[in-house]
Structures are given as C-alpha cells and as structure tokens.
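Chemist: Questions regarding the structure given below will be posed in turn.
The values are calculated or read from the model by the stated rules, or taken from the named source; none is laboratory data. Because the structure is a prediction, the values reported are computed rather than measured. Because the Cβ atoms are built from the backbone with ideal geometry, glycine has one as well, and the counts that use them run over all protein chains shown. To get the accessible areas, we keep the full protein, side chains included, count just its heavy atoms, and leave off ligands, DNA and RNA. Shrake-Rupley method; radii C 1.70, N 1.55, O 1.52, S 1.80 Å.
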Amino acid sequence: QVQLVESGGGLVQAGGSLRLSCVASGRTFSSYTMGWFRQAPGKEREFVAATRGNLYYADSVKGRFTISRDNAKNTLYLQMNNLKPEDTAVYYCAALLAYRSVYNPTNYDFWGQGTPVTVPS
C-alpha cells in the first residue's frame, strides 16, 4: 500500500506561481512512476505531468509547469508558473507501479486526496 499526501495548493492570481508537493509512503518510491493529474468542476480528470526517468507533460502546461522528484525525501513536486484561470482544478498525485501508459489515469494504482488550485479570472 502506498499513501500519498499532497500540499501546496491555494489561491493565486493569474501569472503567479505555486509549487505542489506530494509525499509518498513506502521504501521503493524511486521505482514508482509518479504523475500529476487535475480535475476541474464538471470535467474529467486529466493528465498534467509524469516522471518515469523521462518527463511527460500535457501540451497545455508545457513550458509553464515542471515535474520533479526527490527520492531521498519520497517527494514529488509540481512547479507551476504563469498560472492561468484554466489551470483552476483539484490537483492529484498518483503512483503507477507497473509499466503502463502514464497518460491514462485508470492505469495508476494509488492516489492522493488532492489539493485545490484556484486562479481567478
């Protein structure tokens, strides 16, 4: 069992920045594929970014968001710059233990509880 706890969400003006963190339990964090997803009200959960050696990003966040991890701290990060109102959502981190596509949320095995990000228009 892997427990994931996100933090760092909040209210930020357009053009501002936030850094989300996700702390994972377990002794093999470095072997997990880790991803960030988001879900806006009334919309489906969508892929944001993932790390499995390589880095993967949704087109909508490329050049603005950066995913990183500190395996010594069992922590995943999402640095979000130049935030836009359309980035408003609950952001979730997730762990994928098997070698499956990073883009499909149904492939992930464990999820955090989410942290809300609001960017007023």
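Chemist: At 0.36 nm per residue, minus the direct Cα-Cα distance, what do ARG27 and LYS62 gain on full extension? Give it in nm, one decimal, please. Can you show the working numbers first?
Modeler: Working: separation 35, 0.36 × 35 = 12.60 nm, distance 3.07 nm.
Here the segment from ARG27 to LYS62 would lengthen by 9.5 nm.
Chemist: Let me ask something additional. Describe numerically, in nm with one decimal, the distance between label points set 7 Å from Cα along Cα→Cβ at TYR103 and at GLN39.
Modeler: 2.1
Chemist: Using a 1.4 Å probe on the protein chains only, how many percent of the accessible area of the chain belongs to carbon and sulfur?
Modeler: 48
Chemist: Enter the Cα centre distance for the pair region 46-121 and region 1-32, rounded to the nearest angstrom.
Modeler: Computed from Cα coordinates, the inter-centre distance equals 8 Å.
Chemist: Ratio of the chain's C-alpha Rg to 2.2 N^0.38 Å, to two decimals?
Modeler: Cα Rg divided by the expected 2.2 N^0.38 Å: 0.98.
Chemist: Run through region 1-103 and list the chymotrypsin sites (Phe, Trp or Tyr not before Pro) located in a DSSP loop whose Cβ has at most 10 other Cβ atoms within 10 Å.
Modeler: Those that pass, being in a loop and sparsely packed, are TYR99.
Chemist: Please give the charge dipole size of the chain, origin at the Cα centre, charges +1 on K and R Cβ atoms and -1 on D and E Cβ atoms. Round to the nearest 20 debye. Please report the intermediate quantities before stating the final value.
Modeler: Working: 12 positive and 8 negative charges, 45 e Å.
Approximately 220 debye in magnitude.
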